[in-house]
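Peer 1: Dumping the structure here so I can ask a few things about it.
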Amino acid sequence: MNITQSLAHEVGIRPACNALDVSRAGFYRWQHPKDKEPLNHLSPLALSPEERNDVLDILHEERFIDRASREIYAGLLDEKNYLCSVRTMYRILEKEGELKERRRQVSRPQYAKPEILAKAPNEAWSWDITKLKGSVSGPTITSMSSSTSTAAM
């Protein structure tokens, strides 16, 4: 950028940037850097930490432990109790690392397919022999020889 600036004094900024293949916007940003980064201000409508804790306590109550946030919101509205929006409930749960399926899930054991293993002839019978285990893997296809196909004509 220093070279671009020294050339810009002689020929101008646009020709200097074009000659050195430098973006003019980048050149101007380099000349006037911002010292302060923009601050992320909280919205005046954001919940205070105490209010967030109150919402989290209600979400952890025994009667709401297996319900979705929309159901909790509707239940609280039926009681004429408005704490926050449904989306805010989801944001609070996500920040706490609790945004997952809240209901108790059934864990079923893994089903194992039955296997038929024939070690000798006439030991196992099946209607589909492609699934039987044996010494040869996969179906074997025998092709007709050209002599038998010509004899049929």
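The values are calculated or read from the model by the stated rules, or taken from the named source; none is laboratory data. As the structure is a computational prediction, the values presented were derived from the model and not from experiment. Because the Cβ atoms are built from the backbone with ideal geometry, glycine has one as well, and the counts that use them run over all protein chains shown.
Peer 1: Take Gly138 and tell me if it is at pLDDT below 70 and surrounded by 10 or more Cβ atoms within 10 Å (Cβ to Cβ).
Peer 2: It is false that Gly138 is at pLDDT below 70 and surrounded by 10 or more Cβ atoms within 10 Å (Cβ to Cβ).
Peer 1: Is it true that some residue in region 85-108 is over 28 Å from the mean Cα position of the chain (by Cα) and either assigned to a loop (DSSP other than H, G, I, E, B) or surrounded by 14 or more Cβ atoms within 10 Å (Cβ to Cβ) (or both)?
Peer 2: No - not one qualifying residue is present in region 85-108.
Peer 1: Could you go through region 87-94 and let me know if any residue there is among the polar types (S, T, N, Q) and over 21 Å from Ser43 (Cβ atoms).
Peer 2: To start, the set of residues in region 87-94 that are among the polar types (S, T, N, Q) comprises 88.
If we keep only those that are over 21 Å from Ser43 (Cβ atoms) as well, we get none.
No: zero hits.
Peer 1: Next up: Just name the residue that is nearest to Leu99 (Cα to Cα) out of those in region 60-79 that are at pLDDT below 90 and aliphatic (A, V, I, L, M).
Peer 2: Taking the candidates together, the pick is Ala68.
Peer 1: Further question on the same structure: Filter region 32-74 down to the residues that are under 19 Å from Arg104 (Cβ atoms) and small (Gly, Ala, Ser), then identify the one that is surrounded by the fewest Cβ atoms within 10 Å (Cβ to Cβ).
Peer 2: Ala68
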